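Peer 1: Pasting in a structure now, in C-alpha coordinates, and then I'll have a few things to ask.
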Amino acid sequence: MTTPSANLKINGARLWDSIAEMAKIGPGVAGGNNRQTLTDEDAEGRTLFAAWCRHAGLTLGIDGMGTMFATRPGSDTDALPVYVGSHLDTQPTGGKYDGVLGVLGALEIIRTLNDLDIRTKRPIVVTNWTNEEGTRFAPAMLASGVFAGVHDQEWAYGRTDPEGRRFGDELQRIGWRGDEETGSRSMHAFFELHIEQGPILEAEDTDIGVVTHGQGLSWIQVTIDGKDSHTGSTPMPMRRNAGLGMAKILLLVDDIAWSHKPDAVGAVGHADVYPNSRNVIPGKAVFTVDFRSPNIEVIADMERRLQDGGREICEQMGLSVEFEKVGGFDPVEFDAGCVSAVRNAAERLGYSHRNIVSGAGHDACWINKVAPTAMVMCPCVDGLSHNEAEEISPEWASAGVNVLLHAVVETAGIAV
Ligand code: HGY
Ligand code: MN
Ligand code: MN
(Lines give C-alpha, C1' and ligand atoms only; values in the text may rest on other atoms or scores of the structure.)
(Ligands and ions follow the chains in the order given, each with its own letter.)
Protein backbone atom coordinates (compact mmCIF):
# COMPACT_ATOMS: atom_id res chain seq x y z
CA MET A 1 0.00 0.00 0.00
CA THR A 2 1.24 3.52 -0.81
CA THR A 3 0.25 6.27 1.58
CA PRO A 4 -0.74 9.47 -0.19
CA SER A 5 0.38 12.71 1.46
CA ALA A 6 -2.14 14.67 3.52
CA ASN A 7 -2.06 17.58 1.07
CA LEU A 8 -3.59 15.43 -1.69
CA LYS A 9 -7.03 17.04 -1.92
CA ILE A 10 -9.83 17.31 -4.49
CA ASN A 11 -11.20 20.43 -6.16
CA GLY A 12 -14.27 20.97 -4.02
CA ALA A 13 -15.72 23.77 -6.18
CA ARG A 14 -15.58 21.57 -9.29
CA LEU A 15 -17.28 18.72 -7.42
CA TRP A 16 -20.04 21.05 -6.19
CA ASP A 17 -20.58 22.47 -9.68
CA SER A 18 -20.92 18.96 -11.14
CA ILE A 19 -23.49 18.00 -8.51
CA ALA A 20 -25.45 21.18 -9.30
CA GLU A 21 -25.26 20.43 -13.04
CA MET A 22 -26.54 16.87 -12.57
CA ALA A 23 -29.34 18.17 -10.31
CA LYS A 24 -30.78 20.12 -13.29
CA ILE A 25 -31.69 16.78 -14.90
CA GLY A 26 -34.99 15.30 -13.73
CA PRO A 27 -35.93 18.16 -11.39
CA GLY A 28 -38.46 17.45 -8.67
CA VAL A 29 -41.29 19.79 -7.66
CA ALA A 30 -39.64 21.14 -4.48
CA GLY A 31 -35.98 21.66 -5.31
CA GLY A 32 -34.90 18.01 -5.36
CA ASN A 33 -34.91 15.38 -8.09
CA ASN A 34 -37.21 12.89 -9.77
CA ARG A 35 -34.75 10.95 -11.96
CA GLN A 36 -36.17 7.46 -11.57
CA THR A 37 -34.34 4.54 -13.07
CA LEU A 38 -34.69 3.88 -16.83
CA THR A 39 -36.74 7.00 -17.43
CA ASP A 40 -35.78 9.55 -20.08
CA GLU A 41 -34.41 11.68 -17.26
CA ASP A 42 -32.18 8.80 -16.13
CA ALA A 43 -30.98 8.44 -19.73
CA GLU A 44 -30.19 12.16 -19.85
CA GLY A 45 -28.20 11.94 -16.63
CA ARG A 46 -26.29 8.93 -17.95
CA THR A 47 -25.42 10.80 -21.15
CA LEU A 48 -24.06 13.77 -19.20
CA PHE A 49 -22.06 11.48 -16.89
CA ALA A 50 -20.67 9.55 -19.89
CA ALA A 51 -19.56 12.80 -21.54
CA TRP A 52 -17.77 13.87 -18.36
CA CYS A 53 -16.07 10.47 -18.15
CA ARG A 54 -14.86 10.67 -21.74
CA HIS A 55 -13.62 14.21 -21.12
CA ALA A 56 -11.62 12.84 -18.18
CA GLY A 57 -10.01 10.29 -20.48
CA LEU A 58 -11.96 7.29 -19.16
CA THR A 59 -13.05 4.28 -21.23
CA LEU A 60 -16.72 3.40 -20.78
CA GLY A 61 -18.08 -0.15 -20.51
CA ILE A 62 -21.77 -1.05 -19.97
CA ASP A 63 -23.10 -4.39 -18.76
CA GLY A 64 -26.37 -6.21 -19.37
CA MET A 65 -28.08 -4.32 -16.54
CA GLY A 66 -26.99 -0.94 -17.87
CA THR A 67 -24.42 -0.37 -15.14
CA MET A 68 -21.73 2.06 -16.32
CA PHE A 69 -18.01 1.33 -15.71
CA ALA A 70 -15.57 4.12 -16.61
CA THR A 71 -11.93 2.99 -16.46
CA ARG A 72 -8.71 4.95 -15.85
CA PRO A 73 -5.78 2.64 -16.71
CA GLY A 74 -3.10 1.88 -14.12
CA SER A 75 0.60 1.25 -14.67
CA ASP A 76 0.12 -2.46 -13.93
CA THR A 77 -2.19 -3.63 -16.68
CA ASP A 78 -2.56 -7.07 -15.09
CA ALA A 79 -3.65 -5.74 -11.71
CA LEU A 80 -7.30 -6.03 -10.69
CA PRO A 81 -8.89 -2.57 -10.58
CA VAL A 82 -10.21 -0.61 -7.63
CA TYR A 83 -13.87 0.22 -8.29
CA VAL A 84 -15.52 3.30 -6.79
CA GLY A 85 -19.02 4.65 -7.29
CA SER A 86 -22.70 4.59 -6.35
CA HIS A 87 -25.93 5.41 -8.26
CA LEU A 88 -27.47 8.30 -10.26
CA ASP A 89 -31.11 7.17 -10.09
CA THR A 90 -33.32 8.90 -7.51
CA GLN A 91 -36.54 8.49 -5.60
CA PRO A 92 -39.63 10.24 -7.06
CA THR A 93 -39.18 12.94 -4.40
CA GLY A 94 -35.46 12.43 -4.05
CA GLY A 95 -32.62 14.69 -3.03
CA LYS A 96 -29.69 15.96 -5.09
CA TYR A 97 -27.01 14.00 -3.20
CA ASP A 98 -28.32 10.46 -2.48
CA GLY A 99 -26.12 8.31 -4.76
CA VAL A 100 -25.01 11.27 -6.89
CA LEU A 101 -22.34 12.32 -4.38
CA GLY A 102 -20.81 8.84 -4.63
CA VAL A 103 -20.72 8.77 -8.43
CA LEU A 104 -19.56 12.36 -9.01
CA GLY A 105 -17.18 12.10 -6.03
CA ALA A 106 -15.58 9.12 -7.76
CA LEU A 107 -15.30 11.15 -10.98
CA GLU A 108 -13.71 14.01 -8.99
CA ILE A 109 -11.02 11.55 -7.83
CA ILE A 110 -10.14 10.93 -11.49
CA ARG A 111 -10.18 14.63 -12.33
CA THR A 112 -7.85 15.32 -9.37
CA LEU A 113 -5.42 12.54 -10.31
CA ASN A 114 -5.42 13.89 -13.89
CA ASP A 115 -4.70 17.44 -12.66
CA LEU A 116 -1.75 16.20 -10.59
CA ASP A 117 -0.63 13.67 -13.21
CA ILE A 118 -0.65 10.91 -10.61
CA ARG A 119 -0.68 7.39 -12.03
CA THR A 120 -1.90 4.56 -9.86
CA LYS A 121 -0.63 1.00 -10.14
CA ARG A 122 -4.09 -0.52 -10.29
CA PRO A 123 -6.70 0.78 -12.73
CA ILE A 124 -9.54 2.74 -11.14
CA VAL A 125 -13.11 2.18 -12.36
CA VAL A 126 -15.81 4.77 -11.69
CA THR A 127 -19.20 3.04 -11.45
CA ASN A 128 -22.87 4.04 -11.80
CA TRP A 129 -25.07 1.11 -10.68
CA THR A 130 -28.50 0.87 -12.33
CA ASN A 131 -31.65 0.97 -10.19
CA GLU A 132 -30.24 1.28 -6.71
CA GLU A 133 -33.46 2.79 -5.40
CA GLY A 134 -35.87 0.00 -6.32
CA THR A 135 -38.72 2.49 -6.28
CA ARG A 136 -39.89 1.99 -9.90
CA PHE A 137 -38.72 -1.62 -10.20
CA ALA A 138 -38.42 -3.56 -6.93
CA PRO A 139 -36.16 -4.66 -5.35
CA ALA A 140 -33.61 -2.00 -4.49
CA MET A 141 -29.98 -2.48 -5.58
CA LEU A 142 -31.19 -4.57 -8.49
CA ALA A 143 -28.21 -4.25 -10.86
CA SER A 144 -25.57 -4.70 -8.16
CA GLY A 145 -27.58 -7.71 -6.98
CA VAL A 146 -27.41 -9.28 -10.45
CA PHE A 147 -23.70 -8.39 -10.64
CA ALA A 148 -23.12 -10.15 -7.31
CA GLY A 149 -25.05 -13.24 -8.43
CA VAL A 150 -27.91 -12.67 -5.95
CA HIS A 151 -30.53 -12.13 -8.68
CA ASP A 152 -30.87 -13.78 -12.08
CA GLN A 153 -30.70 -11.27 -14.95
CA GLU A 154 -33.77 -12.64 -16.77
CA TRP A 155 -35.75 -12.39 -13.51
CA ALA A 156 -34.56 -8.80 -13.18
CA TYR A 157 -35.58 -8.05 -16.79
CA GLY A 158 -39.07 -9.25 -15.93
CA ARG A 159 -39.59 -6.90 -12.99
CA THR A 160 -42.42 -4.50 -13.77
CA ASP A 161 -43.19 -0.92 -12.77
CA PRO A 162 -46.66 0.24 -11.58
CA GLU A 163 -47.70 0.69 -15.23
CA GLY A 164 -46.64 -2.89 -16.05
CA ARG A 165 -43.59 -1.95 -18.11
CA ARG A 166 -40.74 -4.49 -17.93
CA PHE A 167 -37.26 -3.54 -16.69
CA GLY A 168 -35.58 -5.21 -19.67
CA ASP A 169 -37.80 -3.40 -22.18
CA GLU A 170 -37.27 -0.01 -20.55
CA LEU A 171 -33.48 -0.57 -20.45
CA GLN A 172 -33.59 -1.34 -24.19
CA ARG A 173 -35.88 1.63 -24.87
CA ILE A 174 -33.51 4.18 -23.32
CA GLY A 175 -30.58 2.60 -25.19
CA TRP A 176 -28.46 1.67 -22.17
CA ARG A 177 -28.54 -2.12 -22.29
CA GLY A 178 -24.86 -3.02 -22.65
CA ASP A 179 -23.23 -6.08 -24.23
CA GLU A 180 -20.94 -6.87 -21.31
CA GLU A 181 -21.89 -9.99 -19.34
CA THR A 182 -23.15 -8.75 -15.98
CA GLY A 183 -20.87 -9.86 -13.18
CA SER A 184 -17.97 -10.79 -15.47
CA ARG A 185 -15.72 -8.09 -14.01
CA SER A 186 -13.34 -8.88 -11.14
CA MET A 187 -12.55 -6.25 -8.54
CA HIS A 188 -9.59 -5.79 -6.22
CA ALA A 189 -11.84 -3.66 -4.00
CA PHE A 190 -14.95 -1.46 -4.12
CA PHE A 191 -15.51 1.83 -2.26
CA GLU A 192 -18.74 3.83 -2.01
CA LEU A 193 -19.24 7.33 -0.59
CA HIS A 194 -22.80 8.10 0.48
CA ILE A 195 -24.62 10.66 2.59
CA GLU A 196 -25.60 9.13 5.95
CA GLN A 197 -29.36 9.60 5.41
CA GLY A 198 -29.63 9.65 9.21
CA PRO A 199 -28.97 12.19 12.01
CA ILE A 200 -25.95 10.76 13.87
CA LEU A 201 -22.94 12.43 12.20
CA GLU A 202 -24.47 15.91 12.17
CA ALA A 203 -25.73 15.57 15.77
CA GLU A 204 -22.24 14.55 16.90
CA ASP A 205 -20.56 17.22 14.74
CA THR A 206 -18.53 14.46 13.06
CA ASP A 207 -17.18 14.85 9.52
CA ILE A 208 -16.86 11.20 8.45
CA GLY A 209 -18.71 7.93 9.07
CA VAL A 210 -16.43 4.89 8.80
CA VAL A 211 -19.05 2.32 7.82
CA THR A 212 -18.26 -1.00 9.48
CA HIS A 213 -21.62 -2.69 8.87
CA GLY A 214 -24.90 -2.31 6.99
CA GLN A 215 -28.18 -3.34 8.59
CA GLY A 216 -30.31 -6.04 6.96
CA LEU A 217 -33.55 -5.32 5.11
CA SER A 218 -36.75 -7.22 4.36
CA TRP A 219 -39.46 -6.02 1.93
CA ILE A 220 -42.67 -8.03 2.18
CA GLN A 221 -45.54 -7.25 -0.19
CA VAL A 222 -48.94 -7.89 1.43
CA THR A 223 -52.07 -8.43 -0.69
CA ILE A 224 -55.44 -8.35 1.10
CA ASP A 225 -58.66 -9.33 -0.69
CA GLY A 226 -62.11 -8.39 0.63
CA LYS A 227 -65.14 -7.15 -1.33
CA ASP A 228 -65.82 -3.87 -3.09
CA SER A 229 -69.18 -2.49 -1.98
CA HIS A 230 -71.06 0.76 -1.45
CA THR A 231 -69.72 2.93 1.40
CA GLY A 232 -73.22 4.21 2.11
CA SER A 233 -75.61 1.33 1.83
CA THR A 234 -73.50 -1.61 3.03
CA PRO A 235 -74.24 -2.31 6.73
CA MET A 236 -71.07 -2.29 8.89
CA PRO A 237 -71.34 -5.99 9.90
CA MET A 238 -71.52 -7.01 6.23
CA ARG A 239 -68.37 -5.23 5.10
CA ARG A 240 -65.15 -6.96 3.97
CA ASN A 241 -62.98 -3.90 4.04
CA ALA A 242 -59.47 -4.60 2.72
CA GLY A 243 -58.44 -1.01 3.47
CA LEU A 244 -59.32 -1.45 7.13
CA GLY A 245 -57.37 -4.71 7.22
CA MET A 246 -54.36 -2.84 5.83
CA ALA A 247 -54.73 -0.11 8.46
CA LYS A 248 -54.73 -2.69 11.28
CA ILE A 249 -51.63 -4.39 9.83
CA LEU A 250 -49.85 -1.03 9.54
CA LEU A 251 -50.37 -0.61 13.30
CA LEU A 252 -49.05 -4.16 13.83
CA VAL A 253 -45.89 -3.31 11.78
CA ASP A 254 -45.26 -0.30 14.04
CA ASP A 255 -45.76 -2.36 17.23
CA ILE A 256 -43.41 -5.10 16.00
CA ALA A 257 -40.63 -2.61 15.17
CA TRP A 258 -40.98 -0.79 18.51
CA SER A 259 -40.85 -4.13 20.34
CA HIS A 260 -37.24 -4.44 19.08
CA LYS A 261 -36.15 -0.89 19.93
CA PRO A 262 -33.69 0.81 19.66
CA ASP A 263 -32.20 -0.77 16.54
CA ALA A 264 -35.09 -2.24 14.53
CA VAL A 265 -37.23 -0.10 12.24
CA GLY A 266 -40.43 -0.79 10.32
CA ALA A 267 -42.76 1.17 8.02
CA VAL A 268 -44.99 0.96 4.97
CA GLY A 269 -44.07 3.46 2.24
CA HIS A 270 -45.98 1.94 -0.66
CA ALA A 271 -49.75 1.30 -0.42
CA ASP A 272 -52.51 0.94 -3.02
CA VAL A 273 -56.20 0.36 -2.38
CA TYR A 274 -58.58 -0.72 -5.15
CA PRO A 275 -60.65 0.58 -6.77
CA ASN A 276 -59.51 3.71 -4.85
CA SER A 277 -62.89 5.42 -5.22
CA ARG A 278 -64.31 7.68 -2.54
CA ASN A 279 -67.61 5.80 -2.23
CA VAL A 280 -66.40 2.21 -2.64
CA ILE A 281 -65.23 0.09 0.27
CA PRO A 282 -61.80 -1.19 -0.91
CA GLY A 283 -62.04 -4.80 -2.01
CA LYS A 284 -58.28 -5.04 -2.35
CA ALA A 285 -55.21 -3.55 -0.72
CA VAL A 286 -51.58 -4.07 -1.78
CA PHE A 287 -48.73 -2.63 0.30
CA THR A 288 -45.04 -3.26 1.06
CA VAL A 289 -43.67 -3.63 4.59
CA ASP A 290 -40.07 -2.43 5.04
CA PHE A 291 -38.39 -4.04 8.11
CA ARG A 292 -34.71 -3.41 8.96
CA SER A 293 -32.30 -4.38 11.74
CA PRO A 294 -28.57 -5.03 12.21
CA ASN A 295 -29.59 -8.39 13.73
CA ILE A 296 -30.66 -11.19 11.39
CA GLU A 297 -32.67 -12.99 14.09
CA VAL A 298 -34.65 -9.83 14.75
CA ILE A 299 -35.52 -9.53 11.05
CA ALA A 300 -36.73 -13.15 11.03
CA ASP A 301 -38.83 -12.51 14.15
CA MET A 302 -40.41 -9.40 12.62
CA GLU A 303 -41.25 -11.29 9.40
CA ARG A 304 -42.81 -14.16 11.34
CA ARG A 305 -44.91 -11.91 13.61
CA LEU A 306 -46.12 -9.91 10.61
CA GLN A 307 -47.44 -13.07 8.97
CA ASP A 308 -48.92 -14.60 12.14
CA GLY A 309 -50.53 -11.34 13.27
CA GLY A 310 -51.62 -10.36 9.77
CA ARG A 311 -53.35 -13.70 9.18
CA GLU A 312 -55.16 -13.41 12.53
CA ILE A 313 -56.38 -9.87 11.71
CA CYS A 314 -57.64 -10.89 8.27
CA GLU A 315 -59.31 -14.09 9.51
CA GLN A 316 -61.31 -12.08 12.04
CA MET A 317 -62.41 -9.68 9.27
CA GLY A 318 -63.33 -12.28 6.64
CA LEU A 319 -60.43 -11.15 4.43
CA SER A 320 -57.86 -13.26 2.59
CA VAL A 321 -54.20 -12.27 2.76
CA GLU A 322 -50.98 -13.21 0.96
CA PHE A 323 -47.38 -12.33 1.81
CA GLU A 324 -44.61 -12.19 -0.83
CA LYS A 325 -40.95 -11.37 -0.08
CA VAL A 326 -40.02 -8.86 -2.80
CA GLY A 327 -36.63 -7.75 -1.51
CA GLY A 328 -34.12 -8.25 1.22
CA PHE A 329 -30.56 -8.77 2.27
CA ASP A 330 -28.81 -9.93 5.44
CA PRO A 331 -26.87 -7.55 7.68
CA VAL A 332 -23.45 -6.83 6.15
CA GLU A 333 -19.97 -6.64 7.69
CA PHE A 334 -17.59 -4.69 5.41
CA ASP A 335 -13.99 -5.72 4.69
CA ALA A 336 -11.63 -4.90 7.58
CA GLY A 337 -8.77 -3.92 5.25
CA CYS A 338 -10.91 -1.52 3.23
CA VAL A 339 -12.51 -0.12 6.39
CA SER A 340 -9.02 0.57 7.75
CA ALA A 341 -8.10 2.39 4.53
CA VAL A 342 -11.12 4.65 5.10
CA ARG A 343 -10.25 5.20 8.78
CA ASN A 344 -6.54 5.85 8.00
CA ALA A 345 -7.59 8.39 5.37
CA ALA A 346 -9.83 10.28 7.80
CA GLU A 347 -7.05 10.34 10.38
CA ARG A 348 -4.37 11.42 7.90
CA LEU A 349 -6.60 14.25 6.68
CA GLY A 350 -7.48 15.33 10.20
CA TYR A 351 -11.24 14.77 9.92
CA SER A 352 -13.32 13.81 12.94
CA HIS A 353 -14.74 10.34 12.37
CA ARG A 354 -16.61 7.49 14.01
CA ASN A 355 -17.65 3.95 13.19
CA ILE A 356 -21.21 3.75 11.97
CA VAL A 357 -23.73 1.12 10.79
CA SER A 358 -25.52 2.05 7.59
CA GLY A 359 -29.28 2.32 8.13
CA ALA A 360 -29.95 2.42 4.39
CA GLY A 361 -29.17 -0.26 1.85
CA HIS A 362 -26.48 0.45 -0.75
CA ASP A 363 -24.94 -1.25 -3.79
CA ALA A 364 -21.88 -1.79 -1.59
CA CYS A 365 -23.98 -4.23 0.48
CA TRP A 366 -24.22 -6.60 -2.47
CA ILE A 367 -20.74 -5.95 -3.92
CA ASN A 368 -19.35 -6.89 -0.50
CA LYS A 369 -20.28 -10.46 -1.46
CA VAL A 370 -17.87 -10.53 -4.43
CA ALA A 371 -15.07 -8.12 -3.51
CA PRO A 372 -13.50 -6.46 -0.44
CA THR A 373 -15.76 -3.46 0.10
CA ALA A 374 -16.13 -0.44 2.39
CA MET A 375 -18.15 2.77 2.56
CA VAL A 376 -17.52 6.36 3.57
CA MET A 377 -20.36 8.52 4.89
CA CYS A 378 -20.76 12.25 5.29
CA PRO A 379 -23.43 14.04 7.34
CA CYS A 380 -26.66 15.41 5.88
CA VAL A 381 -28.81 18.21 7.30
CA ASP A 382 -31.25 16.94 9.97
CA GLY A 383 -30.43 13.41 8.74
CA LEU A 384 -33.08 13.98 6.07
CA SER A 385 -33.07 11.95 2.85
CA HIS A 386 -35.61 10.49 0.39
CA ASN A 387 -37.04 14.00 0.59
CA GLU A 388 -36.50 16.83 -1.88
CA ALA A 389 -35.22 19.03 0.95
CA GLU A 390 -32.19 16.71 1.39
CA GLU A 391 -29.15 18.96 1.95
CA ILE A 392 -25.43 18.70 2.66
CA SER A 393 -22.69 21.34 2.90
CA PRO A 394 -19.90 21.72 0.33
CA GLU A 395 -17.47 21.13 3.20
CA TRP A 396 -19.07 17.80 4.10
CA ALA A 397 -19.03 16.78 0.41
CA SER A 398 -15.33 17.66 0.03
CA ALA A 399 -14.34 15.89 3.25
CA GLY A 400 -16.13 12.74 2.12
CA VAL A 401 -14.52 12.77 -1.32
CA ASN A 402 -11.07 13.53 0.11
CA VAL A 403 -11.36 10.47 2.33
CA LEU A 404 -12.62 8.43 -0.63
CA LEU A 405 -9.68 9.71 -2.72
CA HIS A 406 -7.12 8.65 -0.11
CA ALA A 407 -8.71 5.25 0.52
CA VAL A 408 -8.82 4.54 -3.22
CA VAL A 409 -5.27 5.77 -3.92
CA GLU A 410 -3.88 3.90 -0.92
CA THR A 411 -5.58 0.71 -2.13
CA ALA A 412 -4.70 1.22 -5.83
CA GLY A 413 -1.07 2.14 -5.06
CA ILE A 414 0.86 4.98 -6.70
CA ALA A 415 3.03 4.09 -9.68
CA VAL A 416 6.61 5.30 -9.24
O1 HGY B 1 -33.88 1.46 0.55
C2 HGY B 1 -32.72 1.82 0.75
O3 HGY B 1 -32.19 1.65 1.83
C4 HGY B 1 -31.93 2.51 -0.33
O5 HGY B 1 -32.07 3.91 -0.17
N6 HGY B 1 -32.36 2.13 -1.65
MN1 MN C 1 -28.61 5.82 -2.20
MN1 MN D 1 -31.94 6.27 -1.77
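The values are calculated or read from the model by the stated rules, or taken from the named source; none is laboratory data. Treat the numbers as computed from the prediction; the structure is a model and nothing was measured. Positions of Cβ are backbone-derived with ideal geometry, glycine not excepted, and every protein chain shown enters the neighbour counts. Side chains included, ligands, DNA and RNA excluded: accessible areas come from the protein's heavy atoms. Shrake-Rupley method; radii C 1.70, N 1.55, O 1.52, S 1.80 Å.
Peer 1: So, by mean Cβ neighbours within 10 angstrom, what's the order for 214-224, 398-408 with the highest one leading?
Peer 2: Values: 214-224: 22.4, 398-408: 27.5.
Peptide ranking by packing, descending: 398-408, 214-224.
Peer 1: Right, something else. Helix 336-349: angle to the longest alpha-carbon principal axis of the chain, degrees 0 to 90, nearest 10?
Peer 2: The angle comes out at about 60 degrees.
Peer 1: Counting Lys +1, Arg +1, Asp -1, Glu -1, what net charge surrounds residue 42 among other residues with beta carbon under 12 Å of its beta carbon? The partial results should precede the final answer.
Peer 2: On the way: positive: 35, 46, 136, 173; negative: 40, 41, 44, 89, 132, 133, 170.
Neighbour charge sum, excluding residue 42 itself: -3.
Peer 1: Scattering from the C-alpha atoms of the stretch 95-183 alone, worked out with Debye: what is log10 I(q)/I(0) at q = 0.13, 0.23, 0.24 1/Å?
Peer 2: -0.56, -1.18, -1.23
Peer 1: Taking only Cα atoms, what is the 0 to 90° angle, nearest 10, from helix 242-259's long axis to the longest principal axis of the chain?
Peer 2: 50 degrees
Peer 1: Of all beta bridges DSSP finds with both residues in the chain, what is the antiparallel percent, to the nearest 5? Each step should come with its number before you reach the end.
Peer 2: On the way: 48 of 69 bridges.
So the antiparallel bridges amount to about 70 percent of the total.
Peer 1: Between residue 415 and residue 227, 0.36 nm times their residue separation minus their Cα-Cα distance comes to what? Numbers along the way, then the final one.
Peer 2: Values: separation 188, 0.36 × 188 = 67.68 nm, distance 6.96 nm.
Roughly 60.7 nm would be gained on extension.
Peer 1: Of the options 249, 276, 287, report the single residue whose Cα projects farthest towards the positive end of the charge dipole of the stretch 235-362 (beta-carbon charges: Lys, Arg +1; Asp, Glu -1).
Peer 2: 276
Peer 1: Okay, moving on. Please state the charge dipole magnitude for the stretch 123-194, taken about the Cα centre, from unit charges on C-beta atoms (+1 on K and R, -1 on D and E), reported in debye and rounded to the nearest 20.
Peer 2: On the way: 7 positive and 12 negative charges, 13 e Å.
The calculation lands at about 60 debye.
Peer 1: FRET efficiency for residue 116 and residue 47, Cβ-Cβ distance as r, R0 = 30 Å, nearest 0.05? Intermediate results must be reported in sequence, preceding the final value.
Peer 2: On the way: r = 28 Å, r/R0 = 0.94.
My answer for the efficiency is 0.60.
Peer 1: Hey, another quick one. Using per-residue counts of other Cβ atoms within 10 Å, averaged over each peptide, order 276-288, 355-367, 259-271 from highest down. Please report the intermediate quantities before stating the final value.
Peer 2: Details: 276-288: 16.6, 355-367: 23.8, 259-271: 14.5.
Output ranking for 276-288, 355-367, 259-271: 355-367, 276-288, 259-271.
Peer 1: Would you list, by chain and number, the lysines whose Cα falls below 29 Å from the Cα of residue 227, excluding same-chain residues fewer than 8 positions away?
Peer 2: Within the straight-line limit of under 29 Å, residue 227 reaches these lysines: 248, 284, 325.
Peer 1: Name the lysines eligible as straight-distance cross-link partners of residue 96: C-alpha to C-alpha under 29 Å, and not fewer than 8 places from it in the same chain.
Peer 2: Output for residue 96: 9, 24, 369.
Peer 1: Thinking of the stretch 47-203 as a set of Cα atoms, what percent of all their pairs are more than 28 Å apart?
Peer 2: On the way: 2697 of 12246 pairs.
Cα-Cα pairs in the stretch 47-203 separated by more than 28 Å: 22 percent.
Peer 1: Here is a further query. Along its principal axes, what span do the Cα atoms of the stretch 253-374 show, with the longest given first and each in whole Å?
Peer 2: 64, 29, 28
Peer 1: At q = 0.07, 0.09, 0.10 Å⁻¹, work out log10 I(q)/I(0) for the chain with the Debye formula, treating every Cα as an identical point scatterer and leaving solvent out; two decimals please.
Peer 2: -0.35, -0.56, -0.68
Peer 1: Measuring with a 1.4 Å probe in the full set of protein chains, what accessible area per residue, in whole Å², belongs to the chain? Intermediate values should be presented prior to the final figure.
Peer 2: On the way: 16920 Å² over 416 residues.
Accessible surface, normalised per residue, equals 41 Å².
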